[in-house]
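*Asks:* Dropping the structure in here first, questions after.
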Amino acid sequence: ESRRRISTTEVERRIMERLEAEDPSLIDDAIRRGVVEPVDLVTPLQDDWFYAGVKVSPGHIASGLVLGRNHETEQIINGLEKHACALIAGPSGAGKSALLWLTANRQSSRWRWLRVKATATVAEGAAIVRFIRSRHPSPQSPIALAFDEVDGANAPLWNVLEKELSSLSSVYLL
């Protein structure tokens, strides 16, 4: 009574899920290679040179060294919730990294944050997508990817991830 046809695409998807289940090393390849890593937003980082102009990291946020930018952070969160993707742009030293990590910290109780290493390349995009899909993001358990540096070298990776992950709900790219 409730039978339906299964498309070849659905068959292929199920085959891939099965293959990944048989070889879990494929799923965790991105973590093993160090292309993505969980973001540590609780371990403080003491940095005597912080106010001399160093790049902000999650540890600086945990230490309370970064001044809050509530309005900008809220704008980024709203943009992410609406579009699932946001790019913070500005000149060197403008506070892009601070906004990224302030946003991650603000959403840390709601979203699972993973950092995409600045050295990651487009060739590693498939491994990142497999890893994200394997974590089954959902409205109850969303995943956010943090790029602390998007430049000419890794912009193609950003584009691939934006395209490949756009079909998944509850995945955010910042």
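*Asks:* Tell me, what is the 1.4 Å probe accessible area of residue 167, in Å² to the nearest 10?
*Replies:* 90
*Asks:* Which value, in Å² and to the nearest 10, is the accessible area of residue 164 when all protein chains are kept and the probe is 1.4 Å?
*Replies:* That residue has around 70 Å² of solvent-accessible surface.
*Asks:* Hey, if you put +1 on the Cβ of every Lys and Arg and -1 on every Asp and Glu Cβ in the chain, which of 9, 43, 160 ends up farthest toward the positive end of that dipole?
*Replies:* Result: 9, furthest along the dipole toward the positive end.
*Asks:* Which three extents, in whole angstrom, do the alpha-carbon atoms of the chain cover along their principal axes, largest first?
*Replies:* 66, 33, 30
*Asks:* Ok, one more. About its Cα centre, what dipole magnitude does the chain give when the only charges are +1 on Lys and Arg Cβ and -1 on Asp and Glu Cβ, stated in debye to the nearest 20?
*Replies:* 480
*Asks:* Largest first, how would 116, 54 line up by accessible area (1.4 Å probe)?
*Replies:* 54, 116
*Asks:* Also: What 222 nm value per residue comes from the helices of the chain, counting each DSSP H run with n ≥ 4 as -39,500 (n - 2.57) and dividing by all residues, nearest 500 deg cm²/dmol?
*Replies:* Computed ellipticity for the chain at 222 nm equals -12000 deg cm²/dmol.
*Asks:* Any chance you could give the angle, 0 to 90 degrees and rounded to 10, that helix 155-165 forms with the longest Cα principal axis of the chain?
*Replies:* Rounded to the nearest ten degrees, it is 50.
The values are calculated or read from the model by the stated rules, or taken from the named source; none is laboratory data. Owing to the predicted nature of the structure, the values given are computational and were not obtained by experimental measurement. Virtual Cβ from ideal backbone geometry, glycine too; neighbours counted across all protein chains shown. Just so you know, the surface numbers come from the protein's heavy atoms only, side chains and all, with ligands and any DNA or RNA stripped out. Shrake-Rupley method; radii C 1.70, N 1.55, O 1.52, S 1.80 Å.
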